[in-house]
Amino acid sequence: MMGVALAVVIALYLGERQREAAIRALAIRLGFHYLGNALPRSLTLSGTPFDRTSKVWNVIDGEPRGVRIVAFDCRVGVGKGSWRRSVIAVESGADLLRAVRFNHEMAIDSAGKWKILYRPRASVNFRIAGLMPVEELEAYLNTFAVDTARPSQ
(Lines give C-alpha, C1' and ligand atoms only; values in the text may rest on other atoms or scores of the structure.)
Protein backbone atom coordinates (compact mmCIF):
# COMPACT_ATOMS: atom_id res chain seq x y z
CA MET A 1 0.00 0.00 0.00
CA MET A 2 2.86 2.37 0.86
CA GLY A 3 4.43 1.69 -2.54
CA VAL A 4 1.21 2.66 -4.33
CA ALA A 5 0.87 5.83 -2.24
CA LEU A 6 4.48 6.76 -2.98
CA ALA A 7 3.97 6.12 -6.70
CA VAL A 8 0.90 8.41 -6.72
CA VAL A 9 2.80 11.19 -4.93
CA ILE A 10 5.71 10.89 -7.36
CA ALA A 11 3.36 10.88 -10.37
CA LEU A 12 1.59 14.01 -9.12
CA TYR A 13 4.91 15.76 -8.48
CA LEU A 14 6.23 14.86 -11.93
CA GLY A 15 2.96 15.97 -13.54
CA GLU A 16 3.19 19.37 -11.84
CA ARG A 17 6.82 19.76 -12.93
CA GLN A 18 5.88 18.84 -16.51
CA ARG A 19 3.04 21.38 -16.49
CA GLU A 20 5.35 24.08 -15.13
CA ALA A 21 7.88 23.37 -17.90
CA ALA A 22 5.13 23.46 -20.54
CA ILE A 23 3.79 26.79 -19.24
CA ARG A 24 7.31 28.25 -19.12
CA ALA A 25 7.79 27.19 -22.76
CA LEU A 26 4.39 28.69 -23.64
CA ALA A 27 5.36 31.97 -21.99
CA ILE A 28 8.57 32.14 -24.01
CA ARG A 29 6.78 31.22 -27.25
CA LEU A 30 4.12 33.93 -26.80
CA GLY A 31 6.40 36.63 -25.37
CA PHE A 32 5.06 36.45 -21.80
CA HIS A 33 7.05 36.64 -18.58
CA TYR A 34 6.90 33.64 -16.23
CA LEU A 35 6.33 35.04 -12.71
CA GLY A 36 6.06 31.76 -10.82
CA ASN A 37 3.93 32.13 -7.66
CA ALA A 38 3.35 35.91 -7.63
CA LEU A 39 0.44 37.81 -9.14
CA PRO A 40 1.15 41.34 -10.39
CA ARG A 41 0.02 44.04 -7.95
CA SER A 42 -2.10 45.68 -10.64
CA LEU A 43 -4.32 42.60 -10.93
CA THR A 44 -7.37 42.69 -8.70
CA LEU A 45 -9.68 39.71 -8.24
CA SER A 46 -12.17 41.26 -5.82
CA GLY A 47 -15.76 40.22 -6.39
CA THR A 48 -14.74 37.03 -8.22
CA PRO A 49 -14.51 33.45 -6.94
CA PHE A 50 -10.71 33.95 -6.94
CA ASP A 51 -10.70 36.81 -4.46
CA ARG A 52 -9.50 34.43 -1.74
CA THR A 53 -7.17 32.02 -3.43
CA SER A 54 -5.14 29.88 -1.05
CA LYS A 55 -2.38 29.20 -3.58
CA VAL A 56 -1.29 30.64 -6.93
CA TRP A 57 1.31 29.16 -9.29
CA ASN A 58 2.39 29.13 -12.96
CA VAL A 59 1.69 32.87 -13.31
CA ILE A 60 2.48 34.36 -16.73
CA ASP A 61 2.10 38.02 -17.68
CA GLY A 62 2.34 39.69 -21.07
CA GLU A 63 0.94 42.10 -23.64
CA PRO A 64 0.55 40.28 -26.93
CA ARG A 65 -1.25 42.24 -29.65
CA GLY A 66 -1.64 45.26 -27.31
CA VAL A 67 -3.67 43.46 -24.63
CA ARG A 68 -2.37 42.92 -21.08
CA ILE A 69 -3.03 39.34 -20.00
CA VAL A 70 -2.22 37.49 -16.79
CA ALA A 71 -2.86 33.74 -16.68
CA PHE A 72 -2.36 31.48 -13.68
CA ASP A 73 -3.30 28.29 -11.91
CA CYS A 74 -4.81 28.58 -8.44
CA ARG A 75 -6.50 26.78 -5.58
CA VAL A 76 -9.55 28.33 -3.96
CA GLY A 77 -10.25 27.32 -0.38
CA VAL A 78 -8.52 24.73 1.75
CA GLY A 79 -8.99 21.04 2.46
CA LYS A 80 -11.63 18.84 0.88
CA GLY A 81 -13.77 21.81 -0.14
CA SER A 82 -10.98 23.41 -2.16
CA TRP A 83 -10.94 23.47 -5.94
CA ARG A 84 -8.34 24.27 -8.60
CA ARG A 85 -8.70 26.33 -11.74
CA SER A 86 -6.74 27.96 -14.49
CA VAL A 87 -7.68 31.63 -14.75
CA ILE A 88 -7.08 34.20 -17.49
CA ALA A 89 -7.29 37.87 -16.56
CA VAL A 90 -7.49 40.37 -19.41
CA GLU A 91 -7.38 44.15 -19.04
CA SER A 92 -10.49 45.95 -20.28
CA GLY A 93 -10.48 47.03 -23.88
CA ALA A 94 -10.02 43.53 -25.26
CA ASP A 95 -12.53 41.59 -27.32
CA LEU A 96 -13.51 38.56 -25.21
CA LEU A 97 -16.39 37.43 -27.42
CA ARG A 98 -14.14 35.25 -29.60
CA ALA A 99 -12.86 33.46 -26.49
CA VAL A 100 -16.39 32.82 -25.20
CA ARG A 101 -17.47 31.53 -28.62
CA PHE A 102 -14.48 29.17 -28.40
CA ASN A 103 -16.05 27.51 -25.33
CA HIS A 104 -19.54 28.40 -24.08
CA GLU A 105 -18.81 26.85 -20.66
CA MET A 106 -16.46 29.68 -19.76
CA ALA A 107 -17.56 32.43 -17.39
CA ILE A 108 -16.46 36.06 -17.40
CA ASP A 109 -16.40 38.24 -14.27
CA SER A 110 -15.21 41.81 -13.88
CA ALA A 111 -12.80 43.03 -11.22
CA GLY A 112 -11.74 46.65 -11.54
CA LYS A 113 -10.25 47.14 -14.99
CA TRP A 114 -9.87 43.36 -15.50
CA LYS A 115 -12.09 40.73 -17.10
CA ILE A 116 -11.61 37.32 -15.49
CA LEU A 117 -12.18 34.29 -17.73
CA TYR A 118 -12.51 30.83 -16.16
CA ARG A 119 -14.46 27.59 -16.18
CA PRO A 120 -17.01 27.82 -13.32
CA ARG A 121 -17.05 25.34 -10.49
CA ALA A 122 -19.54 22.57 -11.19
CA SER A 123 -21.31 20.33 -8.70
CA VAL A 124 -20.00 17.35 -10.66
CA ASN A 125 -16.61 17.85 -12.25
CA PHE A 126 -15.32 15.23 -14.67
CA ARG A 127 -12.05 17.15 -15.13
CA ILE A 128 -10.68 16.20 -11.73
CA ALA A 129 -7.70 18.53 -11.64
CA GLY A 130 -9.73 21.56 -12.77
CA LEU A 131 -6.72 22.96 -14.60
CA MET A 132 -6.92 23.87 -18.25
CA PRO A 133 -4.67 21.83 -20.56
CA VAL A 134 -1.71 23.92 -21.75
CA GLU A 135 -2.85 23.59 -25.39
CA GLU A 136 -6.27 25.02 -24.49
CA LEU A 137 -4.66 27.85 -22.50
CA GLU A 138 -2.52 28.71 -25.53
CA ALA A 139 -5.58 28.74 -27.79
CA TYR A 140 -7.32 31.21 -25.47
CA LEU A 141 -4.26 33.43 -25.18
CA ASN A 142 -4.08 33.60 -28.98
CA THR A 143 -7.70 34.79 -29.30
CA PHE A 144 -7.37 38.08 -27.41
CA ALA A 145 -6.84 41.33 -29.27
CA VAL A 146 -7.64 44.97 -28.67
CA ASP A 147 -11.25 45.70 -29.54
CA THR A 148 -10.90 48.45 -32.12
CA ALA A 149 -14.66 48.91 -32.39
CA ARG A 150 -14.85 50.69 -29.03
CA PRO A 151 -12.44 52.99 -27.26
CA SER A 152 -10.29 51.62 -24.43
CA GLN A 153 -11.58 52.30 -20.92
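The values are calculated or read from the model by the stated rules, or taken from the named source; none is laboratory data. Keep in mind it's a predicted model, so treat the numbers as computed, not measured. Neighbour counts run over all protein chains shown; Cβ positions are idealised from the backbone, glycine included. Keep in mind that these areas ignore ligands, DNA and RNA; they rest on the heavy atoms of the full protein, side chains included. Shrake-Rupley method; radii C 1.70, N 1.55, O 1.52, S 1.80 Å.
Do you know which residues across region 32-46 are among the β-branched types (Val, Ile, Thr) and assigned to a strand (DSSP E or B)? Scanning region 32-46 gives no hits. Taking (1) open to solvent by less than 100 Å² (accessible area, probe 1.4 Å); (2) part of a helix (DSSP H, G or I); (3) closer than 17 Å to residue 141 by Cβ in turn, residue 28 satisfies each apart from (1).
A Cβ distance below 6 Å, combined with a sequence gap of six or more or placement on separate chains, defines the contacts here; from region 16-32, residues that are touching a residue at least 24 places away in the same chain (Cβ under 8 Å) and under 11 Å from residue 60 (Cβ atoms) reach no residue that is of a type in the set (Phe, Trp, Tyr) and exposed (fewer than 15 other Cβ atoms within 10 Å of the Cβ).
Residue-wise test of (1) touching a His at 6+ places or on another chain (Cβ under 6 Å); (2) surrounded by 15 or more Cβ atoms within 10 Å (Cβ to Cβ); (3) at pLDDT 90 or above.
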position	(1), (2), (3)
52	no, no, no
57	no, yes, yes
68	no, yes, yes
74	no, yes, yes
81	no, no, no
85	no, yes, yes
92	no, yes, no
